[in-house]
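Note sheet for the following structure.
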Amino acid sequence: APARHVTARVAPLGARLVLALVEDRTRERRVEAVRRDFVANVSHELKTPVGAIRLLAEAVHDAADDPEAVKRFSDRMLTESDRLSRLVQQVIELSRLQGDEPLDAPIPVDIDEVIKIAVDTSAIDADAKRISVVTGGTPHLEVFGNEEQVTAAVANLVANAVSYSDCDATVLVSTKADDDMVEISVVDQGIGIPAGEIDRIFERFYRVDPARHRSTGGTGLGLSIVKHVAATHGGDVRVWSVEGQGSTFTLTLPRHSSAPRTQEAGR
Ligand code: ADP
């Protein structure tokens, strides 16, 4: 708060040190609370698929002489174990990103390649719903960052666009840039996000009305991964959405430009 800021500036050195220490402790405690919360949530979220798989295994065991039931139960086991492995994968990604520390060794990352991998990752789901994923905009852009993280972020946005669209829809992935930043936008014509929920979708494990789209088997972690990737890169992620009409997510990341930026900078 501004008032506190002024106090800190006029306070004598000793008081300033105390204030800094208190702020440090407060931050430490907050980080610790977030971490504890996360571990509790993860344990809770892991128990659901593990419990389901266990029950289904018992059901398969008991239904040994009913081939149709065996098939039904084992299909559901497959779905649950896919969800479980997605969850574990995302928890690992997220725990690596927790601190929002700036990247220590950013390198140029080819965005065409990132988008290609992201689109390929969703290809099976998109094909199953006859969704065409179209790419466009400025080609050959590079961002300055971590390839794995940027790919995970874009892949999450594309996967969501496919998950939350109806059959036969189109998803557009487009790029543009100015001197400093690259924008990657993922546009869908899907179910959209209610205005009252939009502030919460980047929170861990938050899902808009899970019953509305239980079948997507989401984890509620995808967008928090995107948010942390944006933060570690010094970029951001924004969303525009109209319920029932579609959503646009735009990830902005620092640009790597091999050419001198402007005449002045070159001189
Ligand atoms: P999930 O694994 O549930 O998709 P995310 O963190 O990626 O988790 O997204 C959080 C929630 O935001 C989703 O459960 C969904 O309700 C909403 N959401 C995300 N992307 C979209 C989208 N493109 N269209 C509509 N709703 C979306």
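List of remarks:
- Filter pass, residue 128 being more than 20 Å from residue 223 (Cα to Cα), within 12 Å of the ligand (Cβ to nearest atom) and not polar (S, T, N, Q): no
- When restricted to residues that are open to solvent by less than 50 Å² (accessible area, probe 1.4 Å) and under 25 Å from residue 256 (Cβ atoms), the stretch 76-97 contains 2.
- Restricting the first member to the stretch 50-76 and to residues that are under 26 Å from residue 88 (Cβ atoms), and the second to residues that are open to solvent by 80 Å² or more (accessible area, probe 1.4 Å), the beta-carbon pairs closer than 6 Å and six or more apart or on different chains are 56/76.
- Within the stretch 117-136, the set of residues being open to solvent by 60 Å² or more (accessible area, probe 1.4 Å), more than 14 Å from residue 161 (Cβ to Cβ), out of contact with any helix residue (DSSP H, G or I) (no Cβ under 9 Å at 6 or more places or on another chain) and in contact (Cβ under 8 Å) with a residue 12 or more places away in the chain comprises just one member, 130.
- Summed over the stretch 48-99, residues that are among the small types (Gly, Ala, Ser), under 22 Å from residue 225 (Cβ atoms) and modelled with pLDDT under 90 total 2.
- Residue in the stretch 145-153 that is more than 12 Å from the ligand (Cβ to nearest atom) and touching a His at 6+ places or on another chain (Cβ under 7 Å) present: yes
- Contact map, the stretch 233-246: residues that are of a type in the set (A, V, I, L, M) paired with residues that are within 11 Å of the ligand (Cβ to nearest atom) and open to solvent by less than 80 Å² (accessible area, probe 1.4 Å), Cβ distance under 6 Å, separation 6+ or inter-chain. Pairs shown: 237/226; 239/249; 242/192.
- Tallying residues that are open to solvent by 50 Å² or more (accessible area, probe 1.4 Å), at pLDDT 95 or above and more than 11 Å from the ligand (Cβ to nearest atom) within the stretch 180-230 yields 3.
- Test set (1) touching a residue at least 40 places away in the same chain (Cβ under 8 Å); (2) more than 11 Å from the ligand (Cβ to nearest atom); (3) more than 19 Å from residue 226 (Cβ to Cβ) - residue 168 fails condition number: (1)
The values are calculated or read from the model by the stated rules, or taken from the named source; none is laboratory data. Bear in mind the structure is a predicted one, so any value in this text is a computation, not a measurement. Neighbour counts are summed over all protein chains in view; Cβ atoms, including those assigned to glycine, are modelled from backbone coordinates with ideal geometry. The area values use the complete protein model at the heavy-atom level, side chains included, leaving out ligands, DNA and RNA. Shrake-Rupley method; radii C 1.70, N 1.55, O 1.52, S 1.80 Å.
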